[in-house]
Amino acid sequence: MASLNVGNLGDYLREQRRNAQLSLRQLADAAGVSNPYLSQIERGLRKPSAEVLQQVAKALRISAETLYVRAGILDEQERDELETRAVILADPSINERQKQVLLQIYESFRKENGLESGNGSASTSEDTTADGPRTAGASDADPKND
């Protein structure tokens with residue numbers, strides 16, 4: 001039931017808040033929500049929106065996706081996929097083209113294993129290089145040397 005998930009969310013939030021050594025009021029202020037509202041979330045009386053969960057996660061410096069799973073907004077498999085994509089996109093050691101190729105490879109493996117993408121696309125931007133459609137082998141090509 002939803003109330004069970006919300007209670008689980010509340011317990012988890014309380015634990016994370018205590019680990020961060022924040023009072024309820026401090027977390028509410030940092031997240032931009034009212035103290036009574038946050039208290040109701042922690043006690044399992046309210047089901048917060050995804051936006052509120054995102055604000056709370058940011059204030060606690062934890063993954064918003066984890067809170068979405070706890071609240072029943074996102075399932076575990078979707079969270080894993082989103083986190084994998086986020087890690088790839090955040091990696092400063094590879095360029096944007098390499099990131100897109102990695103995402104395509106990741107998506108092809110998921111499809112091969114019978115898992116569909118939660119967002120329908122492995123790519124967030126189009127590659128405009130002259131070497132045609134991107135493929136797994138495209139990472140070996142250097143468009144500057146064409």
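The values are calculated or read from the model by the stated rules, or taken from the named source; none is laboratory data. Bear in mind that the values here come from a model prediction, so they are computed numbers and not experimental data. Every residue, glycine among them, receives a Cβ derived from its backbone with ideal geometry; neighbour counts consider all protein chains shown. Each accessible area value is taken on the protein alone, full model and side chains, heavy atoms only, with ligands, DNA and RNA left out. Shrake-Rupley method; radii C 1.70, N 1.55, O 1.52, S 1.80 Å.
Give the residue, chosen from Leu24, Leu38, that is out of contact with any Gly (no Cβ under 9 Å at 6 or more places or on another chain), at pLDDT 95 or above and more than 19 Å from Ile73 (Cα to Cα). Outline the logic, then answer.
Numbers: Leu38 fails: more than 19 Å from Ile73 (Cα to Cα).
None of the other options fit; the residue is Leu24.
Can you confirm whether the range 22-32 contains a residue that is of a type in the set (Asp, Glu), closer than 28 Å to Leu115 by Cβ and either over 14 Å from the mean Cα position of the chain (by Cα) or buried (at least 19 other Cβ atoms within 10 Å of the Cβ) (or both)? Full working, then the answer.
Within the range 22-32, the first condition is being of a type in the set (Asp, Glu), and the residues that meet it are 29.
Pick out the ones that are also closer than 28 Å to Leu115 by Cβ and you get none.
No, every residue in the range 22-32 fails to be of a type in the set (Asp, Glu), closer than 28 Å to Leu115 by Cβ and either over 14 Å from the mean Cα position of the chain (by Cα) or buried (at least 19 other Cβ atoms within 10 Å of the Cβ) (or both).
Within the range 85-113, which residues are farther than 30 Å from Asp11 by Cβ and of a type in the set (Val, Ile, Thr)? Working first, answer last.
Just the residues of the range 85-113 that are farther than 30 Å from Asp11 by Cβ, to begin with: 88-89, 91-113.
Matches in the range 85-113: Ile88, Ile94, Val101, Ile105.
Asp91 - would you say it is open to solvent by less than 60 Å² (accessible area, probe 1.4 Å) and without any contact (Cβ under 8 Å) to a residue 12 or more places away in the chain? Before the answer, list the steps.
Details: open to solvent by less than 60 Å² (accessible area, probe 1.4 Å): yes; without any contact (Cβ under 8 Å) to a residue 12 or more places away in the chain: yes.
Taking the combined requirement at face value, the residue satisfies it.
What tally of residues in the range 38-70 results from selecting those that are open to solvent by less than 60 Å² (accessible area, probe 1.4 Å), within 15 Å of the chain's Cα centre (by Cα) and among the acidic types (Asp, Glu)?
Counting residues in the range 38-70 that are open to solvent by less than 60 Å² (accessible area, probe 1.4 Å), within 15 Å of the chain's Cα centre (by Cα) and among the acidic types (Asp, Glu) gives 1.
Anything in the range 30-84 that is touching a residue at least 12 places away in the same chain (Cβ under 8 Å), of a type in the set (Asp, Glu) and closer than 19 Å to Asp11 by Cβ? List them, or say none.
Glu42, Glu65
Can you tell me how many residues within the range 72-95 are assigned to a loop (DSSP other than H, G, I, E, B) and closer than 25 Å to Glu42 by Cα?
Adding up the residues that qualify gives 4.
Of the residues Leu74, Leu9, which single one is aliphatic (A, V, I, L, M), open to solvent by less than 70 Å² (accessible area, probe 1.4 Å) and in contact with a Phe, Trp or Tyr (Cβ under 6 Å, 6 or more places away or on another chain)?
Working: Leu9 fails: in contact with a Phe, Trp or Tyr (Cβ under 6 Å, 6 or more places away or on another chain).
Going through Leu74, Leu9 in turn, just one is aliphatic (A, V, I, L, M), open to solvent by less than 70 Å² (accessible area, probe 1.4 Å) and in contact with a Phe, Trp or Tyr (Cβ under 6 Å, 6 or more places away or on another chain): Leu74.
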